[in-house]
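Right, one structure below, let's go through it.
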Amino acid sequence: MAELVTLTIDGKQITAEKGTLVIEAAKKIGIEIPAFCYYEGYSLQAACRMCLVEVEKMPKLQPGCTLPAAEGMVVMTDSPKVVEARKSTLEFLLTNHPLDCPVCDKGGECELQDMVFRYGAGESRFTEIKHHANEKQWSPMVYYDPARCILCYRCIRVCDEGLGVGALGLTHRGVHAEITPSNGDHLECDECGMCIDICPVGALTSGSYRYKSRPWEMNHVGTICAHCSNGCKTTLSIRNGEIMRANNRDQSGINGEFLCAKGRFGYDFVHSEERLQTPLVRKDGELVEASWSEALALVAKKFGDVKAKGGKFGVVGSARTTNEEAYYLQKFARQGLGTANIDHRRSGDVASLLNALAGKRDALATVADLYTTKAALVIGSDLSQQHPLLAFQLRANYRHHGSSTYTVTRGPVREDSYAARSIRFEAGDEIGALDQLREDLSKHASVVILFGDSVKGGDVAKLVAFGDSLGVGVKYVCLMDYSNSRGAWDMGLTHEYGPGYEAAEQRGLSLPEMLAAKDLDVFWAVGANPLADAELGSNDAFVVVQELFLTETARRADVVLPAASAYEKNGTVTNTCGEVQRLKAGAKVMGVKTDLEIMGLLAKEMGLDLGIWTPEKVFEEIRRTVRGYNVQLPIIVTGGAAPTQPVSGQLAVLPDVSLVRSAEDTLFTSGSLGRYSKMLNAAMEAPGKLYKE
Amino acid sequence: MIGNYPTGRQKGALIPMLLYAQDEIGQITEELIDEVSKRLSVNRVEIEEVLGYYTMLHREKRGKHHVQICTNVSCMLRGGEELWEHACGKLGIGNKQTTADGSVSLEEVECIGACSWAPAILVNYDFHFNVTPESLDALIEGLRTKQ
Amino acid sequence: MLLNQPHPLETRVLTRRFEYPQKNPIWVDEFVAKQGYEGFRKALGMSPDEIIEEVKKSSLRGRGGAGFPTGLKWSFVDRKSSKPKYVVVNGDEGEPGTCKDRVLIEHDPHRLIEGCLICARAIGAERGWVYIRGEYRFHIDILDKAIAEAYERGYLGENILGSGMTFHLSTHTGAGSYECGEESALLESLEGKRGNPRLKPPFPATVGAFQCPTTVNNVETFCAVPDILLNGGDWYHALGTPKNGGTRMVCLSGHINNPGVYEVPLGFNMKRLIEEIGGGVWKGRKLKAVIPGGSSSPILTADEVDIPADYDSLAKAGSMLGSGATMVCDETTDMVKLLARVMKFYAHESCGWCIPCREGTAWLAKILARMDEGAGMTRDIDMIDQLATSMFGRTFCALGDAAAMPTMSIVRKFRNEFEAKIGSTEVFVPAPGTQPLVVL
């Protein structure tokens, strides 16, 4: 127990741990000590001098951001001296700061505006000529306006301390001092845009949002990022149905302050000119536009005919559609069409993990666990590239709590820079390499093991046995690729399992088997693009595709139904840690329907009774019937993340692990979605290259 | 030089290395930045940080003879500013500019620590004390013919 | 060689080996022949605590400007730490009006090395650096040669003089930054970074160079140490006044007949210093003001200079002893111009880290430049004072104070000169020429 001290702030007594910063102590009792450079979780700067407070028995004003609370200390945060000091600091700050608030992106959301409003003087005495420097573009994502910069160094710290990239620095001096990017005149970095988020003023602006809108013209919708499997909350700012920007405005998600390039800039696929907005039907060999009723009727008729004659279906789901859609799709296939041929492209062997963990409780790590665990072991994944939030959490844990990270990877990864130990292994030998770490890991009270796609099947069992042998609390994360990779497994989008990993009544064809089959009558792809790198073996198959874009698979289709993206729909997704979170529709795109609605309408057209197809009703059914998904509704509806653990006993059948393969996306690729994001593509084409250690 | 700093702290050699290398090649070049970055295992941005900070480090080419005239208080009291004006007029160039022939460049500098022998100037690393407009003329003539 | 003629009123301790005119530095043979390294030999026979006690007795205070007691500073070094300890010499000498360290290095470089050795012995350091401003390349070369000699003769390196002591010393060049004279900024610079000062605490005595316990002292401070060990702290102390022991180097500059660097006891009367040693104000003019400790120190008017020049007396007079600079202004000096020049310097040297200093110095420099050009307004005068007051005590490091103190004193003591410079109009007139303050 740390020593407690009692101090007085503005006449209020407060007891705090000795060494607590006065600015934090004040916050606890509802007293704001204003500051620009102070930012919780990052190193102290004492540079902005906004937080100066008066302390009894100290002749000079003291910075509240670096002053540790001490017994008997008497602090005044609103004495005339302090009020005057704040006024003068703001007056100083505004001498060279351009008053271009009417056109500044930050106008209305600017901390400097707020500070001046609250603490500033009504007028300035400054009548000299302002120092000015021109704005610069550092990358497709990041612009820097040195004139607006107040030099709080938050961006430098978030990049260096938070991300471990260190792409920003400070150059020149005095009024000429400004932030400088990693490569002289441009950035070579993760392009995460965290610097833009953390900038209190409009000095760092976003390439995709700048000069586009005023903050008060937009609605802000918090939803889950459509890209990777980490499940970050991203806030879409919507004007007239259009996403103007995505950022981390409310910081209430599991990602806290974090958001990467995909979550921040990768939303632009939504409004791509290549989006499909009308159903397409193949006539005379050509895909031509058709009405929804025509297209749906055509599909329903074909499905009905093939079902009636006992024909062969192949159904492929997606790792990006919602749990409700995945669930409804497998129900449609199994109950509605009577087929067992259903699958999706799997990127991690979570089934083997759940099987190996049978009987254990709380053995799946949450995103939050990564920030609190004493040690983490990363096997076979370039975490910073593929799982940026998880990488951020581990780094923050190391930074704030001194946790130990161990890496077992084929090549160098960024985590090596602070890892307690790093081991390189030859493909297939990762489990063998672990023995070297047994002693190190068993020293820690808690360990989280994260593993990529190379650990599967029997190796997962060995890994869990290794974890058991450590004799400490071990939790696991099975790393997967996309926003609902985990949900697709859980909802039964595999030929082995129904929802909740119940063995399928009849084992159907896997995805490769469907593609290889010469006698498929119907091939139905919902949000999947299996023909991107494969041929469809059956020449006569009637192909139905629900897609956002005219992908390789859609081009082969007989009917293409334009689908809504994750940013246009409600529902839930499950991240790679098994946490369920809610999607909230933000954007509107004309002409499209959600996959759930498309399936519901098809069912209706076919006269099938598969239940009401609203996300709420389907989720209710999932909660009722899918093991582990009876999650607390209030957590979900308030925007929280509810952990699941869908299996409590050993699986009746083992998964086909030969099908597990990660696409190994980078920070700027994201399967077929990434191909339609101009910003992500621009980042790859920008001068320089992807940041690598 | 790296050996003068603790193991793993070779970045300590950064500023001396940049300055001494600049003395050899006349300016900080991109190649030099790359080389120093490699030798000391420091990021490019760490070098940018110091390049902009230290006034003696410069990327632009300067004259063969870089004449630095102090106009800070002690020198000002004894004619440093007049000396500066005189030099600008004589050479027809201003602060941080170089004569067309590349022989002489001028810089108005802050205190160079020669206050008791003011006004003082530095030509590259050579001090000249108690300089008068006349002695400055002679000095500059000497420099231009010396090239 | 720079040396001015010696003056009979000087008390020569640090400069006792100097000769006039002196063509070359005192190299090792001559140094040793004149009691060189004997203070260090004595220190080798003493315990670290005894050395520190001796330095405390001498009442030697830091000669870089802040005047912190040296013995006390050494005693703060965390000697029990398992980390290496370091000795760092501050030879950045950037305070306008100061040019003493160079004289010490240039003429008697081994004295500095000896001072470092004694300090190293006291704090248990095995490595040191002499940080010298980049413009002093000439002096770096001299010291490098002296260091090489010291290695050759076994005064540096391993098993020094058979004592088992190890100490390595090297020079480290600065590259143009006044701010690096601040000890924590100097340490940053030594580590290859910008000279932005560090947050304190921790102080260098616990977390200094390369995160290790470090003592940082000015060149002159280290140079005083050998004779303190040689003749005893009491002896050194007795050279000065009761609370301000020893001698100090003064740099007379400005409007004076015999400018130069002299060594005088602490407490030597400032008026006598100017009139007797300095030969009085030049051109037969009257004295207007003296800046007694470098451009950061508050100015003294002619009426205020008849005081002993030591730390306490100057503090009592509202100024400071500072770095040993004594800048003399005759009756013709334009105080507005002077302050404008001073502020131009601080705006140029502000590292930009904190808002009040970065913006305050730049703003003040602009106002003062405008006033100097004759475009001042009445309200500017009070505003200059107010802005300086707003900076004072509120900046991250002492540079803000250094800019504020002369400003407040000059504008208050010479208000009439500011008033005389007010333009004919009370309407804002932009400063002639919109040249940026500093050209990058």
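Looking across A:V175, A:V201, one residue alone is farther than 30 Å from B:I28 by Cα and within 14 Å of chain C (Cβ to nearest Cβ). It is A:V201. For the condition touching a strand residue (DSSP E or B) at 6+ places or on another chain (Cβ under 8 Å), within 16 Å of A:R661 (Cβ to Cβ) and of a type outside the set (S, T, Y), A:L437 does not qualify. Selection of region C:164-179 for residues being outside any loop (DSSP other than H, G, I, E, B) and either over 14 Å from C:C116 (Cα atoms) or free of Cβ contacts under 8 Å to residues at least 24 places away in the same chain (or both) yields C:H172, C:T173, C:Y178, C:E179. For region C:327-342, the criterion of a residue being within 14 Å of chain A (Cβ to nearest Cβ), in a helix (DSSP H, G or I) and modelled with pLDDT of 95 or more is satisfied by at least one position.
If you check A:R125, A:R118, which single one turns out to be over 24 Å from C:C397 (Cβ atoms), surrounded by fewer than 21 Cβ atoms within 10 Å (Cβ to Cβ), within 12 Å of chain C (Cβ to nearest Cβ) and of a type outside the set (G, A, S)? Every option except A:R125 fails the conditions. Within region B:1-18, restricting attention to residues that are free of Cβ contacts under 8 Å to residues at least 12 places away in the same chain and surrounded by 19 or more Cβ atoms within 10 Å (Cβ to Cβ), which residue is nearest to the other protein chains (Cβ to nearest Cβ)? Ranking the qualifying residues of region B:1-18, first place goes to B:G12. Counting only helices (runs of 4 or more DSSP H) wholly contained in region A:576-693, the ones carrying 3 or more residues that are touching a residue at least 60 places away in the same chain (Cβ under 8 Å) occupy A:595-606, A:615-625, A:671-675, A:678-685. Against the list (1) surrounded by fewer than 24 Cβ atoms within 10 Å (Cβ to Cβ); (2) farther than 23 Å from C:A122 by Cα, the condition C:D92 fails is (1). For region A:448-492, give me each residue that is part of a strand (DSSP E or B) and out of contact with any Cys (no Cβ under 7 Å at 6 or more places or on another chain). Residues satisfying the conditions are A:V448, A:I449, A:L450, A:G473, A:V474, A:K475, A:Y476, A:C478. Restricting region C:343-366 to residues that are aromatic (F, W, Y) and under 18 Å from the mean Cα position of the chain (by Cα) leaves a set whose member that is nearest to the other protein chains (Cβ to nearest Cβ) is C:F345.
If the condition is being outside any loop (DSSP other than H, G, I, E, B) and out of contact with any Pro (no Cβ under 8 Å at 6 or more places or on another chain), then region A:356-366 contributes only A:A356. Would you pick out the residues in region A:155-209 that are part of a strand (DSSP E or B) and either basic (K, R) or over 19 Å from A:M684 (Cβ atoms) (or both)? Once the filter is applied, which keeps residues that are part of a strand (DSSP E or B) and either basic (K, R) or over 19 Å from A:M684 (Cβ atoms) (or both), region A:155-209 yields A:L168, A:G169, A:L170, A:T171, A:E178, A:I179, A:T180, A:L204, A:T205.
Out of all the residues in region C:114-133, is one or more within 11 Å of chain B (Cβ to nearest Cβ), acidic (D, E) and over 17 Å from the mean Cα position of the chain (by Cα)? Yes, region C:114-133 contains a residue that is within 11 Å of chain B (Cβ to nearest Cβ), acidic (D, E) and over 17 Å from the mean Cα position of the chain (by Cα). The test for being over 28 Å from A:T553 (Cβ atoms) and at pLDDT 95 or above does not hold for A:V316.
When C:G71, C:G62, C:G67, C:G45 are checked against the criterion of being surrounded by fewer than 24 Cβ atoms within 10 Å (Cβ to Cβ), of a type in the set (G, A, S) and touching an Asp or Glu at 6+ places or on another chain (Cβ under 8 Å), a single residue qualifies: C:G71. Taken over region A:320-338, the criterion of being surrounded by fewer than 24 Cβ atoms within 10 Å (Cβ to Cβ) and in contact with a Phe, Trp or Tyr (Cβ under 6 Å, 6 or more places away or on another chain) is satisfied by A:L337 alone.
The residues in region A:51-98 that are aliphatic (A, V, I, L, M), facing another protein chain (nearest Cβ under 8 Å) and out of contact with any strand residue (DSSP E or B) (no Cβ under 7 Å at 6 or more places or on another chain) can be counted, and the count is 1. Residue count for region A:558-579 under the criterion of being over 22 Å from A:C478 (Cβ atoms) and either among the hydrophobic types (A, V, I, L, M, F, W, C) or under 14 Å from the mean Cα position of the chain (by Cα) (or both): the result is 6. Of all residues in region C:151-210, those satisfying the criterion of being among the hydroxyl-bearing types (S, T, Y) and more than 9 Å from every other protein chain (Cβ to nearest Cβ) are C:Y151, C:Y155, C:S163, C:T166, C:S184, C:T206.
Condition check ((1) more than 16 Å from the chain's Cα centre (by Cα); (2) closer than 27 Å to C:L3 by Cα; (3) surrounded by 16 or more Cβ atoms within 10 Å (Cβ to Cβ)) across all residues:
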{"position": "B:R44", "(1), (2), (3)": "yes, no, yes"}
{"position": "B:I47", "(1), (2), (3)": "yes, no, yes"}
{"position": "B:L77", "(1), (2), (3)": "yes, yes, yes"}
{"position": "B:C88", "(1), (2), (3)": "yes, no, yes"}
{"position": "B:K96", "(1), (2), (3)": "no, no, no"}
{"position": "B:S103", "(1), (2), (3)": "no, no, yes"}
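Tallying residues that are over 24 Å from A:L651 (Cβ atoms) and β-branched (V, I, T) within region A:433-457 yields 1. In this structure, is C:I140 within 13 Å of chain B (Cβ to nearest Cβ), surrounded by fewer than 24 Cβ atoms within 10 Å (Cβ to Cβ), on the phi < 0 side of the Ramachandran plot and touching a residue at least 12 places away in the same chain (Cβ under 8 Å)? It is true that C:I140 is within 13 Å of chain B (Cβ to nearest Cβ), surrounded by fewer than 24 Cβ atoms within 10 Å (Cβ to Cβ), on the phi < 0 side of the Ramachandran plot and touching a residue at least 12 places away in the same chain (Cβ under 8 Å).
One residue stands out among those in region B:19-32 that are within 22 Å of C:D144 (Cα to Cα) and more than 7 Å from chain C (Cβ to nearest Cβ): the one that is surrounded by the fewest Cβ atoms within 10 Å (Cβ to Cβ), which is B:E24.
None of A:D343, A:D382 is within 26 Å of A:N539 (Cα to Cα) and either in the same structural domain as A:R507 (by TED's automatic domain parsing) or not small (G, A, S) (or both) except A:D343. When the criteria are applied in full, A:G263 fails the requirement of being in the same structural domain as A:G537 (by TED's automatic domain parsing) and under 34 Å from the mean Cα position of the chain (by Cα).
Of the numbered criteria (1) assigned to a loop (DSSP other than H, G, I, E, B); (2) within 21 Å of A:R395 (Cβ to Cβ); (3) within 10 Å of another protein chain (Cβ to nearest Cβ), the one A:C152 fails is (2).
The values are calculated or read from the model by the stated rules, or taken from the named source; none is laboratory data. Please read these numbers as outputs of a predicted model, since none were measured by experiment. Positions of Cβ are generated from backbone atoms using ideal geometry, with glycine treated the same way; all protein chains shown enter the neighbour counts.
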